[in-house]
Ligand SMILES: [Zn+2]
């Protein structure tokens, strides 16, 4: 049943992100983010030592780093 749960989670996730930012071109190229493990759009992704990081993860990391440096 884990497969079904994952699917439901994925749908909920897509609905959530779709609401946050009306994503144009949902059918565009995508990749699997090495940090969140989600399939995200290649737009805005960043190359890391371990692979690719999606724009969302990159922004979150940059934000955490900024907070760390400011402290
Ligand atoms: Zn990610």
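Within the stretch 16-27, can one find any residue that is within 14 Å of the ligand (Cβ to nearest atom), modelled with pLDDT under 95 and within 15 Å of the chain's Cα centre (by Cα)?
Within the stretch 16-27, one or more residues are within 14 Å of the ligand (Cβ to nearest atom), modelled with pLDDT under 95 and within 15 Å of the chain's Cα centre (by Cα).
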Looking only at residues that are in contact with a strand residue (DSSP E or B) (Cβ under 9 Å, 6 or more places away or on another chain) and part of a helix (DSSP H, G or I) in the stretch 32-70, which one is farthest from the ligand (Cβ to nearest atom)? 61
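The values are calculated or read from the model by the stated rules, or taken from the named source; none is laboratory data. Computed from a prediction, not measured in an experiment: that's the story for all the values here. Reconstructed Cβ throughout: ideal geometry from the backbone, glycine too, with neighbour counts over all protein chains shown.
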